[in-house]
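Colleague: For reference, the structure I am asking about is given below.
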């Protein structure tokens, strides 16, 4: 019903507007014709008046000249001279009024006739002798002046007749338009009043209906406002609950292109922990791929798209390096409308502790095996050593040719004993004397121990300090572990080209110390067995240096991780917990 009412109102408005525009056009055309007729009549009257003035002046000029010639009385020269003075000005007025009109050309012969008649009259007045032949000449000139004035009158009659004819025609149009204009204006006014009344009536009815609707809307708005306040309160309470969650929670809306394909996600909300984990509190309203493009390279973006398109949850663990933060995260993404909700946790510390426990268990098992083997080897080794001493005591070293063999056996027994001792030292638990030590002091102590190796191989050490950072460790043991790592790095680099880089950074209560070389790097196979006892790919090595280093670091609760690329180099990273944390 309301739609029909609106359509009817539109049709009425359009129809009436078209009719009024047409009537307005007709009225305007009539008024324009009326004004044109009035202007034409006014113009023709002006021309006729000016021409009458010119003819009156010419009449005065003719009368003055004739009176002077006939009566020889100079009094007649006064109106003659006055007429001469006015004539040029009046002729110029006529020429000015008719300039640019159709009357300009027809008036030119009339003006020429006036000039000739005036010139003839001037010659008559200037003649001084009126006797004899000269008098007959003056009479001939007077006759000539009469002929010229007759021509002026004839041309004046022709022009005035034409002007009267034009004026009569213009007056007829003026009379017709004068009667039609008020009729059209009246009709337009009546129609305008009628239309205005009709529209006002319909507008009043629409306003009354609008007022009723406004009242209903006001009540609805009040109800909605109350509902919004309730929802805002609930949302605030939910946000507080979410902010107390130990997990980061974020929600996203899908951004699709013209073909409906998801090209990005927009942040809708984040909780307090999420902002803490990513170290950003300005993500709401921003696009995921613009702020964190690394999501595409690690496959998270495609996984989130799959969650939105299929509705299947996505659970994973991944290592993430973003702007200003990095670590290992566990996340759980579920579909939410045309988007998704992701819950994630920073499990870096959990994985570090888990890795430490695994390494501790592995080293404990290795230690047990090693101590068992060492015990089993040491007992027969002691017996062999005693037997050799007994044999040596009975033999004469100067006469017996077995002396060199005794020395070989003795040296190898000593080497086996030292090896057993190193095995026990690499796996045994050590008593720690923990002290808060500057990280720079530990680095300086380890670099000092390998300075000779670096100098002999013409290598450089590049140390990037971290002032003001302290760790709670046993400094002698940590320096020993770092020295073993640096020695391993030096042995992997080419003499004269090697650069050993040691840098430390502090972030989120964790201090990361990196020992990086530009050596040959390691394969995945070597990395898998890197910390196994007696494993080495270096000729002459025992394979206990890195095992000892990891044992010391595990005893301090320091996680040791390794990254290596063949042909590029290797990086050992020590993850310390600062004393403040």
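No value in this document is a laboratory result; all are computed from the given coordinates. Please read all numbers here as calculations on a predicted model, not as lab measurements. A quick note on method: Cβ atoms are made from the backbone with ideal geometry, for glycine too, and the neighbour counts reach across all protein chains shown.
Colleague: Taking the simple approach of a point 7 Å from Cα along Cα-to-Cβ for both residue 444 and residue 234, what is their distance in nm?
Modeller: Modelled inter-label distance: 6.4 nm.
Colleague: If you average the alpha carbon positions of the range 233-299 and of the range 427-498, how far apart do those two centres end up, in angstrom?
Modeller: Between the Cα centres of the range 233-299 and the range 427-498 lies a distance of 42 Å.
Colleague: To continue, here is another question. Sorted by packing (mean other beta-carbon atoms within 10 Å per residue), highest first, where do 28-41, 549-562 land?
Modeller: Ranking the peptides 28-41, 549-562 by packing returns 549-562, 28-41.
Colleague: Still on this structure: Please find the FRET efficiency linking residue 164 to residue 9, where r is the Cβ-Cβ separation and R0 is fixed at 60 Å, and quote it to the nearest 0.05.
Modeller: So the FRET efficiency works out to roughly 0.60.
Colleague: May I ask you to order 46-56, 153-163 by the average number of other C-beta atoms within 10 Å around their residues, highest value first?
Modeller: 46-56, 153-163
Colleague: For q values of 0.11, 0.25 Å⁻¹, compute log₁₀ I(q)/I(0) with the Debye formula on a Cα-only model of the range 248-346, without solvent.
Modeller: For the requested q values the scattering log ratios are -0.28, -1.70.
Colleague: Tell me, what is the Rg over Rh of the range 7-130, with Rh the Kirkwood radius over Cα pairs?
Modeller: Ratio of gyration radius to Kirkwood radius for the range 7-130: 1.45.
Colleague: Largest first and in whole Å, what are the equivalent-ellipsoid semi-axes of the range 432-577 based on the Cα gyration tensor, each being the root of 5 times an eigenvalue?
Modeller: 23, 17, 14
Colleague: Once you keep just the Cα pairs under 8 angstrom separated by 6 or more residues, what percentage relative contact order results for the range 432-577?
Modeller: Reported as a whole number, the value is 24 percent.
Colleague: Once the Cβ-Cβ distance between residue 147 and residue 172 is put in as r, and R0 is 30 Å, what FRET efficiency do you end up with, to the nearest 0.05?
Modeller: For residue 147 and residue 172, the calculated efficiency is 0.20.
Colleague: In addition: Would you mind calculating the gained length between residue 276 and residue 264 on full extension (0.36 nm times residue separation, minus the Cα-Cα distance), in nm to one decimal?
Modeller: 2.0 nm
Colleague: Determine the gain in length on full extension of the stretch residue 70-residue 17; use 0.36 nm per residue of separation and subtract their C-alpha separation, reporting nm with one decimal.
Modeller: Contour length minus the Cα-Cα distance gives 11.3 nm.
Colleague: Something else: For an R0 of 56 angstrom, estimate the FRET efficiency from the Cβ-Cβ distance between residue 296 and residue 209 and round to the nearest 0.05.
Modeller: The calculated FRET efficiency here is 0.50.
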